[in-house]
């Protein structure tokens with residue numbers, strides 16, 4: 001039997017819908033305003049700067065630190081990473097981590113919250129052929145957010161609930177979301193000295209930035225379980241995808257990650273760009289990251305998939 005499900009409340013469903021739709025409306029408004037006030041370096045700066053910071057908050061903070069404990073860091077740095085991840089508007093730390101740990105436990109099998117290859121229920125999947133791929137892609141990318149969710153996700157995060165810093169940052173999620181939207185607007189206002197600058201800073205550095213982070217993060221769930229390479233053995237269909245390896249700050253080297261989930265380094269080859277690991281490595285040089293976990297050469301070799309001439 002599948003795990004018992006609970007239907008999200010009307011309020012929670014409305015909040016999820018707003019978090020998805022409002023950034024899209026922001027993109028439309030920002031695009032329309034290109035024909036009026038235009039677009040300049042200030043707005044490009046708050047867009048790209050905000051994207052990099054909040055995407056790193058998800059990759060280094062939510063994912064590698066809080067979910068997989070790939071390294072340790074002092075409490076102030078932990079709080080900063082949690083706040084930056086919260087500004088990506090993907091949910092509070094505790095819920096995000098619980099869902100992701102459940103994903104690893106059931107990856108691409110019944111019980112996986114967002115597999116493109118199998119539904120949550122143990123008696124159903126997304127079907128075969130092109131239609132099945134489309135249904136699976138939609139479900140993994142964002143459809144799963146609207147569906148019933150498993151009860152008692154809390155049992156996946158007792159360690160984080162026991163940590164005062166993590167628990168506090170997670171509970172203050174709405175505050176960090178608001179600040180993540182307002183800070184780029186205030187920066188643009190300070191530089192341009194106009195309320196139109198404030199509005200454009202809010203649109204480009206706030207809403208459009210959220211939209212960009214959302215869809216690149218969600219593409220790791222969808223694209224990176226459908227298209228790419230599989231150099232290592234894992235208990236699922238996770239794949240390395242070079243596009244999202246770069247855009248996702250290293251998150252798109254997804255087969256590497258599922259083969260070695262506790263590794264702080266996802267780009268395991270010299271050419272696999274992993275900005276998040278570069279920053280973690282720099283943090284370790286400054287004494288801000290300790291116990292950084294990376295698989296050694298023997299472990300990498302033990303899980304490598306051997307392909308003979310006939311399989312090429």
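Specify which of the listed residues (246, 191, 187, 183) is under 30 Å from residue 33 (Cα atoms), within 18 Å of the chain's Cα centre (by Cα) and surrounded by fewer than 21 Cβ atoms within 10 Å (Cβ to Cβ). Outline the logic, then answer.
Values: 191 fails: within 18 Å of the chain's Cα centre (by Cα); 187 fails: within 18 Å of the chain's Cα centre (by Cα); 183 fails: within 18 Å of the chain's Cα centre (by Cα).
After ruling out the rest, the residue left standing is 246.
Return the residues of segment 34-44 that are assigned to a helix (DSSP H, G or I) and either in contact with a helix residue (DSSP H, G or I) (Cβ under 7 Å, 6 or more places away or on another chain) or without any contact (Cβ under 8 Å) to a residue 12 or more places away in the chain (or both); say none if nothing qualifies. Outline the logic, then answer.
Going through segment 34-44, the residues assigned to a helix (DSSP H, G or I) turn out to be 41-44.
41, 42, 43 - these are the residues of segment 34-44 that are assigned to a helix (DSSP H, G or I) and either in contact with a helix residue (DSSP H, G or I) (Cβ under 7 Å, 6 or more places away or on another chain) or without any contact (Cβ under 8 Å) to a residue 12 or more places away in the chain (or both).
Go through segment 63-79 and report how many residues are touching a helix residue (DSSP H, G or I) at 6+ places or on another chain (Cβ under 8 Å) and either buried (at least 24 other Cβ atoms within 10 Å of the Cβ) or without any contact (Cβ under 8 Å) to a residue 12 or more places away in the chain (or both).
5
Identify all residues within segment 259-302 that are without any contact (Cβ under 8 Å) to a residue 12 or more places away in the chain and either on the phi > 0 side of the Ramachandran plot or crowded, with 20+ Cβ neighbours inside 10 Å (or both); write none if there are none.
287
Right, residue 88: under 15 Å from residue 276 (Cβ atoms) and either out of contact with any strand residue (DSSP E or B) (no Cβ under 6 Å at 6 or more places or on another chain) or modelled with pLDDT under 95 (or both) or not? Write out each step before concluding.
Working: under 15 Å from residue 276 (Cβ atoms): yes; either out of contact with any strand residue (DSSP E or B) (no Cβ under 6 Å at 6 or more places or on another chain) or modelled with pLDDT under 95 (or both): yes.
Judged against the criteria, residue 88 is a match.
Any chance you could count how many residues in segment 80-101 are assigned to a helix (DSSP H, G or I) and touching a residue at least 40 places away in the same chain (Cβ under 8 Å)? Even if it seems obvious, please write down each step before you answer.
Going residue by residue through segment 80-101, those that are assigned to a helix (DSSP H, G or I) are 80-86, 93-101.
Right, trim to touching a residue at least 40 places away in the same chain (Cβ under 8 Å) and you get 82-83, 86, 93-95, 97-99, 101.
Going through segment 80-101 one residue at a time, the tally reaches 10.
Hey, residue 76 hits all of (1) in a helix (DSSP H, G or I); (2) at pLDDT 95 or above; (3) closer than 24 Å to residue 215 by Cβ but one; which does it fall short on?
Only one criterion is unmet by residue 76, namely (3).
Mind checking which residues of segment 194-204 are surrounded by 16 or more Cβ atoms within 10 Å (Cβ to Cβ) and over 27 Å from the mean Cα position of the chain (by Cα)?
The answer is 197, 198.
Kindly evaluate residue 130 against the criterion of being in a helix (DSSP H, G or I), within 30 Å of residue 225 (Cβ to Cβ) and modelled with pLDDT under 95.
Working: in a helix (DSSP H, G or I): yes; within 30 Å of residue 225 (Cβ to Cβ): yes; modelled with pLDDT under 95: yes.
For residue 130, the condition - in a helix (DSSP H, G or I), within 30 Å of residue 225 (Cβ to Cβ) and modelled with pLDDT under 95 - is met.
Listed residues 210, 177; which is under 23 Å from residue 55 (Cβ atoms), in contact (Cβ under 8 Å) with a residue 24 or more places away in the chain and surrounded by 23 or more Cβ atoms within 10 Å (Cβ to Cβ)? So that I can check it myself, show each step before the final result.
On the way: 177 fails: surrounded by 23 or more Cβ atoms within 10 Å (Cβ to Cβ).
Exactly one of 210, 177 is under 23 Å from residue 55 (Cβ atoms), in contact (Cβ under 8 Å) with a residue 24 or more places away in the chain and surrounded by 23 or more Cβ atoms within 10 Å (Cβ to Cβ), namely 210.
Step by step: first the residues of segment 227-237, then only those that are crowded, with 20+ Cβ neighbours inside 10 Å and either modelled with pLDDT under 95 or out of contact with any strand residue (DSSP E or B) (no Cβ under 9 Å at 6 or more places or on another chain) (or both), then the one that is nearest to residue 114 (Cα to Cα). Which residue is that?
236
Part of a helix (DSSP H, G or I) and more than 23 Å from residue 292 (Cα to Cα): is that true of residue 210 in this structure? Step through it out loud before you land on a result.
Numbers: part of a helix (DSSP H, G or I): yes; more than 23 Å from residue 292 (Cα to Cα): yes.
It is true that residue 210 is part of a helix (DSSP H, G or I) and more than 23 Å from residue 292 (Cα to Cα).
Here's a check for you: in segment 1-17, which residue that is part of a helix (DSSP H, G or I) and exposed (fewer than 11 other Cβ atoms within 10 Å of the Cβ) is modelled with the lowest pLDDT?
So in segment 1-17, the residues part of a helix (DSSP H, G or I) come out as 10-17.
Adding the requirement that they be exposed (fewer than 11 other Cβ atoms within 10 Å of the Cβ) leaves 10-11.
Details: 10: 65, 11: 69.
So the residue we want is 10.
Somewhere in segment 31-46, is a residue at pLDDT below 95 and under 21 Å from the mean Cα position of the chain (by Cα)?
No, that holds for no residue.
The values are calculated or read from the model by the stated rules, or taken from the named source; none is laboratory data. Model, not experiment: these values are computed from the prediction. Heads up, the Cβs are rebuilt from the backbone with ideal geometry, glycines too, and the neighbour counts pull from every protein chain shown.
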